[in-house]
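Following: one structure in structure tokens, then a few remarks.
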Amino acid sequence: MIENKWYMRLGTLGFNLIYLNLLWIAFTLLGGIVFGIFPATAALFAVVRKMILEDEDASVFPEFIAHFKASFKTSNLIGYAGSFIGLFLLIDFRIIQSMSHESVQVLLFNLILIIGIFYLIALLYIFPVYVHFDLKWKEYFRYACILTIARPFQTIMLAAFVAAVVYLYILVPALVFILGVSFMSFIIMKIASLSFPKKQVLHEST
């Protein structure tokens, strides 16, 4: 009986992740990609969070729709602010490559590399933080940076598991189309939730 229950729970999780992946693709396209990708990602993380922390049998479609609508503006602000920072770092990297002074170039390259790695890891926390906490949109970046530094074990584990999933997708490319974004979000949310304080005001999207 216990084995059957375990099997059913695993099957339900797999089905929901496949369904969520399709919803993420559909709503990203529905928003013309430019305005759809970040609300769809926020909605995906919100549903995954509920599956992990509250209810494994959450109503996927109604929850996804509700969070997509509720997070449309804020998630786009967060997403494009994060993209702008990434673009700024990339431009800095290109400028450093063109420098003629070798010692300065090496110093600045290493500095940008460290900042870039920190930035990429902090980005992994952004949407888990957004769907879990009720903050002003600018504060999500600060909180993600704080968690990256303050929770080193979880941060290392998060980076390692994300790298492992990417490697798995490289080995089996078909998984990208079946579980791509949803499975990755499940792993990120599962590990990121270990970094969250036990008592905190949660984000409530309607």
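The values are calculated or read from the model by the stated rules, or taken from the named source; none is laboratory data. If you're wondering where the values come from, they're calculated on a predicted model, not measured in any experiment. Cβ sites come from the backbone with ideal geometry, for glycine too, and all protein chains shown count toward neighbours.
Here are the numbers for this structure:
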| item | result |
| --- | --- |
| Qualifying residue in the range 74-81 (condition: loosely packed, with under 12 Cβ neighbours inside 10 Å, of a type outside the set (Val, Ile, Thr) and at negative phi) | no |
| Which numbered condition Met99 misses (of (1) over 20 Å from Ser193 (Cα atoms); (2) within 22 Å of the chain's Cα centre (by Cα); (3) surrounded by fewer than 18 Cβ atoms within 10 Å (Cβ to Cβ)) | (2) |
| Any hit, the range 18-35, residues being without any contact (Cβ under 8 Å) to a residue 60 or more places away in the chain, outside any helix (DSSP H, G or I), surrounded by fewer than 19 Cβ atoms within 10 Å (Cβ to Cβ) and of a type outside the set (A, V, I, L, M, F, W, C) | yes |
| Residue match in the range 80-93 (condition: over 22 Å from Ala122 (Cβ atoms), in contact (Cβ under 8 Å) with a residue 12 or more places away in the chain and out of contact with any Cys (no Cβ under 7 Å at 6 or more places or on another chain)) | no |
| Among (1) without any contact (Cβ under 8 Å) to a residue 40 or more places away in the chain; (2) within 28 Å of Phe196 (Cα to Cα); (3) not aromatic (Phe, Trp, Tyr), the one test that Ala46 misses | (1) |
| Checking Trp137 against (1) in a helix (DSSP H, G or I); (2) touching a Ser or Thr at 6+ places or on another chain (Cβ under 9 Å), the condition it does not meet | (1) |
| Filter result for the condition that a residue is assigned to a helix (DSSP H, G or I), modelled with pLDDT of 95 or more, surrounded by 14 or more Cβ atoms within 10 Å (Cβ to Cβ) and not charged (D, E, K, R), over Phe93, Phe38 | Phe38 |
| Number of positions in the range 41-66 that are among the acidic types (Asp, Glu) and either assigned to a helix (DSSP H, G or I) or closer than 12 Å to Val181 by Cβ (or both) | 1 |
| Qualifying residues in the range 102-137 (those that are surrounded by 14 or more Cβ atoms within 10 Å (Cβ to Cβ) and among the small types (Gly, Ala, Ser)) - the one nearest to Ile156 (Cα to Cα) | Ala122 |
| All positions within the range 125-139 that are modelled with pLDDT of 95 or more and farther than 15 Å from Leu53 by Cβ | Tyr125, Ile126 |
| Given (1) of a type in the set (A, V, I, L, M); (2) more than 19 Å from Leu20 (Cβ to Cβ); (3) crowded, with 17+ Cβ neighbours inside 10 Å, number of the condition Leu179 does not satisfy | (2) |
| Answer residue from the range 173-189, given it is hydrophobic (A, V, I, L, M, F, W, C) and at pLDDT below 95 and is farthest from Pro39 (Cα to Cα) among those | Ala174 |
